[in-house]
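Here the structure is laid out as structure tokens; the discussion comes afterwards.
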Amino acid sequence: MTRNNETTRRERKASLEAAIEQQRVDILLAAERWHDASAPLENGWQLIRRYRTPALALGSFMLWPLLRRPGKALKFGRHLVFGAMALKRFGKLLPGRH
């Protein structure tokens, strides 16, 4: 009986090792697919990181006049809200749209 148990044990061990190896292969393939799928996002992120400092500098230069005269920014904001509301009401007037 000892030999039978030992043979069964060896078969079970071989089966488990084969299952583990198959899982490793599956994980490697899934990781490769994930890496390929996320490559465009990674490239976009690298592009953003490359131009981050110039974009922040340009934004601060553009923001400076608004900080000096906030009234113009508020007036622009009111115009923007009015335009959005007008477009929304105009859209409701079109036939077939509710």
Notebook entry, point to check: D for the chain, whole µm²/s, Stokes-Einstein with Kirkwood Rh over alpha-carbon pairs at 4 °C and 1.567 mPa s: what number?
Noted result: 61
Note to self: Per residue, how big is the convex hull of segment 2-50 when only Cα atoms are used? Give it in Å³.
What the structure shows: 53
Margin query: Quick check: Cα centre of segment 40-98 to Cα centre of segment 5-24, how many Å?
Written below: 61
Next item on the list: Note the full-extension length gain between ARG9 and ALA39 as 0.36 nm times their separation in residues minus their Cα-Cα distance, in nm to one decimal.
Entry: 6.3 nm
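So what is the calculated 222 nm ellipticity per residue for the chain, using -39500 (n - 2.57) for each DSSP H run with n of 4 or more, over all residues, to the nearest 500 deg cm²/dmol? If you can, show how the numbers build up before the last one.
Values: 3 runs with 90 residues, N = 98.
Value at 222 nm, helices only: -33000 deg cm²/dmol.
Just so you know, all these numbers are worked out from the coordinates, no wet-lab data involved. For clarity, every value in this text was computed on a predicted model and none was experimentally measured.
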